[in-house]
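What follows is calculated from the coordinates using simple rules that are stated; it is not laboratory data. Predicted model, so just to flag it, every value in this text is computed and none were measured. Positions of Cβ are backbone-derived with ideal geometry, glycine not excepted, and every protein chain shown enters the neighbour counts.
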2 protein chains.
Amino acid sequence: MKIDPKSSADLSAQIAKAIRDAIIAGDLIVDERLPSEAELAEQFDVSRPTVREALKRLAAQSLIRTQRGAFGGAFVNRLRYEEAYGQQVTTSTLLLSMNEVSFDVACEARYALERACTPLSAQRRSPDHLATMRAEIHRQGQPGLSDESFCASDVAFHRALVDGAGNPVMSYQLAGAVEAMQPLMNMITFTARSREAIVGLHTRIADALEASDGAAAESALHELEAYTKTLARDVMAARTRG
Amino acid sequence: MKIDPKSSADLSAQIAKAIRDAIIAGDLIVDERLPSEAELAEQFDVSRPTVREALKRLAAQSLIRTQRGAFGGAFVNRLRYEEAYGQQVTTSTLLLSMNEVSFDVACEARYALERACTPLSAQRRSPDHLATMRAEIHRQGQPGLSDESFCASDVAFHRALVDGAGNPVMSYQLAGAVEAMQPLMNMITFTARSREAIVGLHTRIADALEASDGAAAESALHELEAYTKTLARDVMAARTRG
DNA sequence: AATTTTCATTTGTCATACAATTAAACGTCT
DNA sequence: AGACGTTTAATTGTATGACAAATGAAAATT
């Protein structure tokens, strides 16, 4: 685990990279304790603040966790799905907000990936998943629900759909695609009429999954994608006129 | 932009969160310069090393970049697809390696998502994408190619397939799913016979995309998934016996 | 006008010190 | 002996001050 003295990069970045590579390569295993900051400083021949900056970089990626006190220190962190979700969502959200991604492009990606889960979800969804979907559908039909709550419920519904596929890797991958869309969706004003249409499509999806009919669910998702794009287009048009 | 003095979390983590939230909320826009470290230290009422640790956390997520010298400082970074790819791949790779995800589960997720790109790729792939795929297929047929190079070429092939969909958000989302599998794929020894089978399926996929036949491409991808799982099972079986 | 020099600003790094936390080791009392 | 509080050593968290290195602007010089 060495650093390149003639590199132009920050020392803390180099040290972070060296440790990160060691973790990825399996030289440092989960829950293994890294040397103390003082020891690392000596090993890399830098000061402790520099080592600390490197460790904070790794902590920001959830690669390590630190614990104070005697027998504390920095430990290789087992990356949990939950933490990975969070990073995925943050990254995806920023990517969408900073790169002028059109609503249609983001929407297309999201629904295409979601449809990929549908056949599996039709086979494997548990009664729990179905119950969650039904509950969210009911919630979406409540009058007086704010647009933001409606969106949040929408995300919960789709998340249940994705989780129904019973593949945690897919759930993780989809988290970014679905949740990162939420800020974009929040720009839409959902009229009673459009909510009714969406609830109808959600019901069709839930029914199809209950009947283990993947194709029907996929078809409803296609329609939902098209309808969502239409809603967004209307919002844009109204905004341009106003 | 405030921090909570009674929180138990590290000050640097709180400060990083405050700035990150400001970026996500749009209070700090792309290329905007943050106050100098000294000013931030004063604003948050902490020392400069603490501020620096916070900034390094943000730099690790590519949220900011720093520049030395007069009129230098920390700037809000435009998150590029390339950087987002990198983080996605790192996170996904660690997730797969640390959570004892079975090969089948990872493989299923990858091919399911990839199939989601196929119909779009069949419609939109450019001659360039096709040429890349053909080139990689040719490469994969070369005798004397190492297993690692074969895997790398495989990734390049599938990446061209995904990019062919012409949706950068999908390409970004898929980067993790495809590249994170590589370490798992590298465990497989590809015999001349199995390479031939894979090249054959790749050719079918390329042909289907050239003919704009999404269904045929999807079908070939399904077979490729099944075949890959079979290969992995054989390796596992051999390892158990040996 | 072009070039060089100076200079102020800012990040990068170092050294040192102290506070806060924590678990183990130790000692005391029952 | 065992339960329970106390000390202690190790380690991270934070602060202070200093200097080096880079960098662009401004001033001085040719």
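Output the 0 to 90 degree angle, nearest 10, between the alpha-carbon long axis of helix B:214-241 and the longest principal axis computed from the alpha carbons of chain B. Once rounded, the angle reads 90 degrees.
Annotation note: trypsin sites (Lys or Arg not before Pro) in region B:59-122 located in DSSP loop regions with a Cβ neighbour count of at most 11 within 10 Å are B:68.
For chain A, a Gaussian network of Cα nodes joined below 10 Å ranks A:116, A:192, A:70 by mean-square fluctuation, and the top entry is A:70.
According to the Cα-based calculation, Rg over Rh for the protein assembly as shown is 0.99, with Rh computed by the Kirkwood formula. Around the Cα centre of chain B, unit charges on the Cβ atoms of Lys, Arg, Asp and Glu (plus for the first two, minus for the last two) sum to a dipole of about 320 debye.
Where in region A:45-112 are there GluC sites (Glu not before Pro) that are in a DSSP coil and have at most 15 other Cβ atoms within 10 angstrom of their Cβ? Counting only loop positions with at most 15 other Cβ atoms within 10 Å, the GluC sites (Glu not before Pro) in region A:45-112 are A:100. As a rough footprinting exposure proxy, the listed residues B:15, B:188 were ranked by other beta carbons within 10 Å of their own, and the order from fewest upward is B:188, B:15. For the residues of A:49-60, the average number of beta carbons from a partner chain within 10 Å of their own beta carbon is 6.
Label-to-label distance for residue B:239 and residue B:38 is 5.7 nm, based on points extended 7 Å past Cα in the beta-carbon direction.
Comparing Cα centroids, region B:80-145 and region A:54-107 end up 22 angstrom apart. Treating r as the C-beta distance of residue B:226 and residue B:131 and R0 as 30 Å, the FRET efficiency rounds to 0.60.
Loop-located GluC sites (Glu not before Pro) in region A:133-217 (DSSP state other than H, G, I, E, B) with a sparse environment of at most 10 neighbouring Cβ atoms within 10 Å are absent.
Counts of other chain beta carbons within 10 angstrom of each beta carbon in peptide B:109-117 average 6.
Charge dipole (Cα centre; +1 on Lys/Arg Cβ, -1 on Asp/Glu Cβ; no other charges) of the protein assembly as shown amounts to roughly 520 debye.
Once the Cα atoms are used to define both axes, helix A:147-163 deviates from the longest principal axis of chain A by about 80 degrees. Nearest 10 degrees is fine. How inclined is helix A:192-210 to the longest principal axis of chain A, computing both from alpha carbons? Between the helix axis and the principal axis of chain A, the angle is about 80 degrees. Take each residue in B:99-107, count the other chain C-beta atoms within 10 Å of its C-beta, and the mean is 3.
Of the residues A:230, B:58, A:112, the one whose Cα sits farthest towards the positive end of the charge dipole of the protein assembly as shown is B:58 (charges of +1 on Lys and Arg Cβ, -1 on Asp and Glu Cβ, taken about the Cα centre).
Think of chain A as having a plus end and a minus end, set by charges on the Cβ of Lys, Arg, Asp and Glu; of A:153, A:71, A:46, A:46 sits farthest toward the positive end of this dipole. Put a plus charge on the Cβ of each Lys and Arg, a minus charge on the Cβ of each Asp and Glu, and nothing anywhere else: the dipole of region A:1-104 about its Cα centre is then about 260 debye.
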